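Only one structure is covered here, and it is reproduced in the block below.
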Amino acid sequence: MTNLFDMMDEWGPEKIVTVSDSKTGMKGVLVIDNTARGMGKGGTRMQPNVSVDEITRLARVMTWKWAGVDLFFGGAKAGIRADPHSPHKEAILRSFVRALSNEVPSEYVFGLDMGLTENDAAIIINELGDRGAAVGTPYDLGGVPYDQLGITGYGVAEVTDEAAGTMGLQGQRVAIQGFGAVGHATAARLHELNYSIVSLSTAEGALYDPSGLDVPALLALRARLGDSFVKELPQLALPVGQELFVDAEIAIPAALQDVITEDNAGNISAKLVVEGANLPTNAAAQEVLRASSITVIPDFVANAGGVVSAAFAMEARYSPFRPETEQIYSAVSSKLRANTITVLAEAQKLDSTTHHAARTLSQDRVRRAMAYRGKPLPY
């Protein structure tokens, strides 16, 4: 069993709240990592295997992500251990929300992560009777539907294009793992930018075409059939798990965490890896990739479009006016492209992995904010 005290370091977590309900079978956790730069903000996921360790790691990523884009919120994350396809999903979600009513929305605001949708954000607001309890709500309720707009994937594509431009890889072949909220929007934007998408995957299978997939046609199929659209193209079928390791100049893991490890990193043929998912590579893999002269754009740089749009949504929670969509896209592009250049330059200066460089930049910002709390005792 995890010892919660062993999870605590100089940064946090400041608060770990575990909740349960015997009536619904709900089990959940909220981790507020560091609020030196603002209140805790991060998504909420619902998965059958959610753990306190996982949510704690993700809350720390949010701390670095907010600081990395220089927006004034702190790191937090929440998780519900349940099947998001359960017929009892709404009852479980409402139970979780009620259990955290002391923390929401004064210390934490719900957001969307794996297993939750805009409809679920609407349920959260309904349960607490407070428009400020969640972001990612449906457009008809005044929300900024950033998943529907594909903002995170759009940002991943902008980062990819910026990094590719520094490496002479613009318009080259791209392998994408995942074709969900992030992956499909990444593919759509990269197609607009004239890249060739050669592989992609869903929970139902993977596709590969060395001459380039027909992205607009696949997006239309996905809209009609969901993840199972891949089964309509058996002639392009690829064993699941191989989609990142095909012959391509750019690889984008945009689905699960810990998919590139020290055991398989050597199989990456790409020269640029852009982390669309959270925590898709472990530290050992990052060193292997660096030793192979493969540039990696860290998750909290690459997929920070979601937090930029979430910041707009946070500001709009009690406003009768929605932020302009083009304003969000423009902010995501400018902030993430600038961060990409900064992190690549810092990694070169420090002669380190890009993850170390990006964390160093974020940590410096958080540490300066923490200093305003007063002189700390020796940790």
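A compact table of results
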| item | result |
| --- | --- |
| Candidate set from the range 258-281 (those that are of a type outside the set (Val, Ile, Thr) and surrounded by fewer than 18 Cβ atoms within 10 Å (Cβ to Cβ)); member that is farthest from residue 157 (Cα to Cα) | 263 |
| Output for the range 309-353, where each listed residue is in contact with a helix residue (DSSP H, G or I) (Cβ under 9 Å, 6 or more places away or on another chain), more than 30 Å from residue 138 (Cβ to Cβ) and among the charged types (D, E, K, R) | 346, 349 |
| Qualifying residue in the range 237-244 (condition: surrounded by 24 or more Cβ atoms within 10 Å (Cβ to Cβ), touching a strand residue (DSSP E or B) at 6+ places or on another chain (Cβ under 8 Å) and modelled with pLDDT of 95 or more) | yes |
| Residues of the range 145-168 classified as open to solvent by less than 10 Å² (accessible area, probe 1.4 Å) and either in contact with a Gly (Cβ under 7 Å, 6 or more places away or on another chain) or under 18 Å from residue 328 (Cβ atoms) (or both), total | 9 |
| Tabulated pairs, the range 307-319, first closer than 15 Å to residue 105 by Cα, second assigned to a loop (DSSP other than H, G, I, E, B) and basic (Lys, Arg), C-beta under 9 angstrom, 6+ apart or interchain | 316/322 |
| Count - residues of the range 135-158 that are among the hydrophobic types (A, V, I, L, M, F, W, C) and not in a helix (DSSP H, G or I) | 2 |
| Residue match in the range 107-117 (condition: open to solvent by 50 Å² or more (accessible area, probe 1.4 Å) and not in a loop (DSSP other than H, G, I, E, B)) | no |
| Selection count, the range 49-90, where residues are under 14 Å from residue 11 (Cα atoms) and hydroxyl-bearing (Ser, Thr, Tyr) | 2 |
| Top-ranked residue in the range 107-150 [being over 16 Å from residue 45 (Cα atoms) and of a type in the set (A, V, I, L, M); ranked as modelled with the lowest pLDDT] | 144 |
| Residue within the range 367-379 that is in contact with a helix residue (DSSP H, G or I) (Cβ under 6 Å, 6 or more places away or on another chain) and of a type outside the set (Lys, Arg) present | no |
| Identity of the residue in the range 291-306, free of Cβ contacts under 8 Å to residues at least 60 places away in the same chain and open to solvent by 30 Å² or more (accessible area, probe 1.4 Å), that ends up farthest from residue 350 (Cα to Cα) | 292 |
| The range 124-134: number of residues that are buried (at least 17 other Cβ atoms within 10 Å of the Cβ), in a helix (DSSP H, G or I) and in contact with a strand residue (DSSP E or B) (Cβ under 8 Å, 6 or more places away or on another chain) | 3 |
| Residue in the range 322-335 that is part of a helix (DSSP H, G or I), modelled with pLDDT of 95 or more and more than 29 Å from residue 184 (Cβ to Cβ) present | no |
| Neighbours by Cβ (under 9 Å, 6+ apart or cross-chain): first from the range 278-290, more than 13 Å from residue 356 (Cβ to Cβ); second assigned to a helix (DSSP H, G or I) and of a type in the set (Val, Ile, Thr) | 278/61; 279/61 |
| Output for the range 1-16, where each listed residue is open to solvent by less than 80 Å² (accessible area, probe 1.4 Å) and under 22 Å from the mean Cα position of the chain (by Cα) | 7, 11, 12, 13, 15, 16 |
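The values are calculated or read from the model by the stated rules, or taken from the named source; none is laboratory data. Remember, it's a predicted structure, so these values are computed and weren't measured experimentally. Cβ atoms come from the backbone with ideal geometry, glycine included; neighbour counts cover every protein chain shown. Accessible surface is based on the protein model in full, side chains and every heavy atom, while ligands, DNA and RNA are left aside. Shrake-Rupley method; radii C 1.70, N 1.55, O 1.52, S 1.80 Å.
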